[in-house]
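In what follows, a single structure is set out as structure tokens and then discussed.
The values are calculated or read from the model by the stated rules, or taken from the named source; none is laboratory data. Treat the numbers as computed from the prediction; the structure is a model and nothing was measured. Counting neighbours? That spans all protein chains shown, and the Cβs are built from the backbone with ideal geometry, glycine included. Each accessible area value is taken on the protein alone, full model and side chains, heavy atoms only, with ligands, DNA and RNA left out. Shrake-Rupley method; radii C 1.70, N 1.55, O 1.52, S 1.80 Å.
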Amino acid sequence: MDMSALRADLEGIRIEDNDKIVLQKSRDFYWYSPLLKRQLDHVTGDLVVSPRNELELIRVLKACFRHDIPVTPRGTGTGNYGQAMPLSGGVVLSLAELNDIREITPGRVVCGPGVICSDLDKAAREQSGQELRMHPSTAHTATVGGFIAGGSGGVGSISWGGLRDFGNIIRLRVVTMEAEPRVLDLTGEDLHKVTHAYGTNGIITEIEMPLAPAYDWVDAIVGFDTFGQAAAYANQLARQDGILTKLISVVSAPCPFDYFKRHQKFLKEGQSVVMVMVAAHSYDAFCAFSARAGGEIVFDASTAGDLKGLPPVFELAWNHTTLRALRVDPAWTYLQVLYPFPNQLELAEKMDRMFEGELISHLEFVRFDGDITCFGLPLIRFTTEERLEEIMDLHNANGCPIFNPHRYTLEEGGMKQTDEIQLAFKREADPKGLLNPGKMIAWDDPDYDFNSGEVWLFKGLKQAS
Ligand code: FAD
């Protein structure tokens, strides 16, 4: 790679080449997975380039195309699967400075990809009484562009479903990786070309998202003696048409008391909990429902007094639950599971019983294809890679599909099949295959058999793992 020729072409654009900083900016939360940690620990880029606007970004892409240098886009690197890690080295393209909020109007916002989700929410709330329909639990650190290219849903998905459901993104402006990069505006069906594509087939430079009315959300935690009771309560709460919620998460004992350290004083040992964000105007109804359903509200942010030092409950939910557990006990890892409607409770309880002692159940209730069901992000006590695979196989065999968080490729972490739409767009928008190499198996290895049971290893990983 001729980095000096590249540098000459990038005169005037911010470049970072300090090895330590480049290494730091070449990482994400891949270490959640002991498998990814082993495979990707050595991965680093050669330079971090931070364009300040779309024109500079186009110059970067043009120059990298000319010199055949791989480009891996990056928001703030909170992805969990090594999505933002440059497997072939080259340029780490930071989008953090494309962070202007361009327009807020009734029902929509237009912004750059580098805006931090909570900053966008704050601006929308202050200027228009609106908020994002959904955000990841990393709202305070993650970019909106990274959420769209690497995330799936989160806080708000109980009302609005997933990020890639029709209507949850309005428009994306995307720059291609060609000799003369094109700037495309994608809407409707075309959005599927680049959403959750890990930036393998275009760089998102402008985002138009729908907004929802903003409410004051009250954080609450409801305690139960058993996981089954907590899951049944959450399943019923999610179906209360008149109670507006933004988050309904179930975490089984002993996780809440042992790992939610800053909330520990509100929790009882051995209690399983349901964490809820409920609109202030629904709060009385929520209390009445909880009393009737036998739930004890053990924490209520509106009456708890001094909240200093307490994170919002959404920072105990989604992938934050795993983070809280890992901070206390690094032997934990996790899975991503779907418990399909209408058997979600039965399946979640079956898995809870099947792996007693090595799995702690964690459910996130969501709207999915018009029904209410739950995803699981169970904690798994890691022993060996073989046992982890076995646990995943048993989930799949029991009708609980796994979205494998221990893989860095789009396909293995997703539907285990080629996404023809994303592949076709990559052929068109990244003909040299320079964008985020190694993340799309269909590009590197078109004949790969997804049923082979093998772990796919990108041959271009800069060093052998
Ligand atoms: P990065 O990690 O920097 O990038 C993510 C992917 O997008 C990478 O493949 C990168 O190459 C690509 N990319 C980034 N910007 C662009 C761009 N402008 N154009 C093209 N490609 C781009 N995810 C959820 O969906 N919901 C959650 O609730 C959630 N909770 C989390 C909690 C924790 C504690 C952690 C560690 C992770 C969580 N995640 C969650 C995963 C992650 O936070 C989200 O995916 C997040 O939105 C990523 O944003 P980022 O700015 O960090 O993106």
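Only one of the numbered conditions (1) open to solvent by less than 50 Å² (accessible area, probe 1.4 Å); (2) under 21 Å from the mean Cα position of the chain (by Cα) is violated by residue 6, and that is (2). For residues that are in contact with a helix residue (DSSP H, G or I) (Cβ under 9 Å, 6 or more places away or on another chain) and away from the ligand (no atom under 12 Å from the Cβ), scanning just the range 122-164, find the one that is most open to solvent (accessible area, probe 1.4 Å). Here the residue is 133. Whenever a residue of the range 283-302 is at negative phi and touching a residue at least 40 places away in the same chain (Cβ under 8 Å), its partners that are of a type in the set (D, E, K, R) and surrounded by 18 or more Cβ atoms within 10 Å (Cβ to Cβ), lying with C-beta atoms within less than 7 angstrom and at least six residues away or across chains, give the pairs 301/219.
Under the condition of being away from the ligand (no atom under 12 Å from the Cβ), over 13 Å from residue 7 (Cβ atoms) and either touching a Lys or Arg at 6+ places or on another chain (Cβ under 6 Å) or in a loop (DSSP other than H, G, I, E, B) (or both), the residues counted in the range 44-76 number 5.
For the range 141-183, filtering for residues that are in contact (Cβ under 8 Å) with a residue 40 or more places away in the chain, not in a helix (DSSP H, G or I) and not charged (D, E, K, R) leaves 22.
Restricted to the range 351-367, and to residues there that are within 14 Å of residue 400 (Cβ to Cβ) and hydrophobic (A, V, I, L, M, F, W, C), the residue that is most open to solvent (accessible area, probe 1.4 Å) is 354.
Per-residue answers, yes or no, for (1) assigned to a helix (DSSP H, G or I); (2) under 30 Å from residue 253 (Cα atoms); (3) not assigned by TED's automatic domain parsing to the domain that holds residue 360:
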{"residue": "383", "(1), (2), (3)": "no, yes, no"}
{"residue": "387", "(1), (2), (3)": "yes, yes, no"}
{"residue": "390", "(1), (2), (3)": "yes, yes, no"}
{"residue": "412", "(1), (2), (3)": "yes, no, yes"}
{"residue": "423", "(1), (2), (3)": "yes, no, yes"}
{"residue": "427", "(1), (2), (3)": "yes, no, yes"}
{"residue": "442", "(1), (2), (3)": "yes, no, yes"}
{"residue": "450", "(1), (2), (3)": "no, no, yes"}
{"residue": "460", "(1), (2), (3)": "no, no, yes"}
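Find the strands (runs of 3 or more DSSP E) located wholly in the range 211-323 whose residues include 2 or more that are of a type in the set (S, T, N, Q) and closer than 21 Å to residue 136 by Cα, and list them. Before the answer, list the steps.
Values: elements: 217-224, 245-251, 272-279, 296-300.
Passing ranges, in order: 245-251.
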